[in-house]
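S.K.: One structure, as structure tokens, below. Some questions next.
The values are calculated or read from the model by the stated rules, or taken from the named source; none is laboratory data. These numbers come from a predicted model, not from an experiment. No Cβ is skipped: glycine too gets one built from the backbone with ideal geometry, and neighbour counts run over all protein chains shown. The area values use the complete protein model at the heavy-atom level, side chains included, leaving out ligands, DNA and RNA. Shrake-Rupley method; radii C 1.70, N 1.55, O 1.52, S 1.80 Å.
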Amino acid sequence: AALGGDGLRLLSVSRPERQPESAALSSPGPGLCCWVSVFSCFSLACSYVGSLYVWKSELPRDHPAVIKRRFTSVLVVSSLSPLCVLLWRELTGIQPGTSLLTLMGFRLEGIFPAALLPLLLTMILFLGPLMQLCMDCPCDLTDGLKVVLAPRSWARRLTDMRWLRNQVIAPLTEELVFRACMLPMLAPCTGLGPAVFTCPLFFGVAHFHHIIEQLRFRQSSVGSIFLSAAFQFSYTAVFGAYTAFLFIRTGHLIGPVLCHSFCNYMGFPAVCAALEHPQKWPLLAGYALGVGLFLLLLQPLTDPKLYGSLPLCMLLERTGASETLLCS
């Protein structure tokens, strides 16, 4: 069946010839299953953002005390988020045919390519910004590697609350909630393709809470704050679609988490600074080459054959949906 002719597949696309009356009474209709899926995702997004505000404080979000408290609440919500998937399974009656942890990307099969190849692909996309970072670094490559690999340097990072938030806690918890938990619930309702673009909307909207804090501490004009929020929503939604694509194609959570951490470190590419850089043309060539190689290698480096069986594709097969584009 199709919903409004837009290609969004409902939960059940095939109907058996005869079904026992007791089974028919206990099985919810496809429309209800979709509502359960959307409501579950919405509840997860609200719980995640709401957990950041259970602590009352007059301090800004980057203060170490605020970050520590938010670590506690967001880790509690994230650790409980699989229970939402479990409840969704019970309410919809869908049997994935595998464990919930496997469905959420916690598995050993193909874990090494799943950790390395998506990160490599993302680094290729950021070829221009990486070149820019190297050109602007005051130290040479050898000295830079010594600093990066020094145990003292890592010990300093592990005590830096902002670094832990941006590179560890945020990537892990956000990918767990907004990808590993939401995609298995959305995919049987919408199909994999629409789920890639639907799931990031929850992720993008979840970042609107930054408006509250910027307005509260008067960090900029109202117009600038809302313009910045619109840009951040667009950027996070695009990034969310990319990591959702990686999650589906690899069947692992580790790739999206590492890519998220890397992108948080790099930030949005400083294209304007590149245009004013003394070595503008080599930099712009690096930007163009990175984007070109990324588009060329996107399909080969995320080929499902490299990662073993794909749990989400198996889930859709059990519900009767046919997904060939993202599953092969």
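Each row is one residue, and each column tells you yes or no for (1) part of a helix (DSSP H, G or I); (2) under 18 Å from the mean Cα position of the chain (by Cα); (3) more than 30 Å from residue 313 (Cβ to Cβ).
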| residue | (1), (2), (3) |
| --- | --- |
| 40 | yes, yes, no |
| 60 | no, no, yes |
| 66 | yes, no, yes |
| 83 | yes, no, no |
| 90 | yes, no, no |
| 122 | yes, yes, no |
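S.K.: Now for a separate question. Where in the stretch 245-328 are there helices (runs of 4 or more DSSP H), lying fully within it, with 3 or more residues that are closer than 30 Å to residue 173 by Cβ?
M.R.: 254-266, 280-301, 311-318
S.K.: Is there any pair with a first residue in the stretch 91-116 that is under 24 Å from residue 34 (Cβ atoms) and a second that is open to solvent by 40 Å² or more (accessible area, probe 1.4 Å) and outside any helix (DSSP H, G or I) whose Cβ atoms are under 7 Å apart and which are 6 or more apart or on different chains, and what are they?
M.R.: What qualifies is 93/27.
S.K.: Using beta carbons and a limit of 6 Å, which pairs, at least six apart or on different chains, have the first residue in the stretch 161-178 and part of a helix (DSSP H, G or I) and the second one of a type in the set (Lys, Arg) and surrounded by fewer than 22 Cβ atoms within 10 Å (Cβ to Cβ)?
M.R.: Close Cβ pairs satisfying both conditions: 163/157.
S.K.: Hey, another quick one. Checking residue 115 against (1) buried (at least 17 other Cβ atoms within 10 Å of the Cβ); (2) at pLDDT 95 or above, which test does it fail?
M.R.: (1)
S.K.: May I pose another question? Quick one: which residue in 253, 258, 201 is open to solvent by 60 Å² or more (accessible area, probe 1.4 Å) and modelled with pLDDT of 90 or more?
M.R.: Checking each option against the conditions leaves just 258.
S.K.: Here is a further query. Just one of the numbered conditions (1) within 14 Å of residue 165 (Cβ to Cβ); (2) at pLDDT 90 or above is not true of residue 60; which one?
M.R.: (2)
S.K.: For the subset of the stretch 47-58 comprising residues that are of a type in the set (A, V, I, L, M, F, W, C) and surrounded by 14 or more Cβ atoms within 10 Å (Cβ to Cβ), which member is nearest to the chain's Cα centre (by Cα)?
M.R.: That would be 49.
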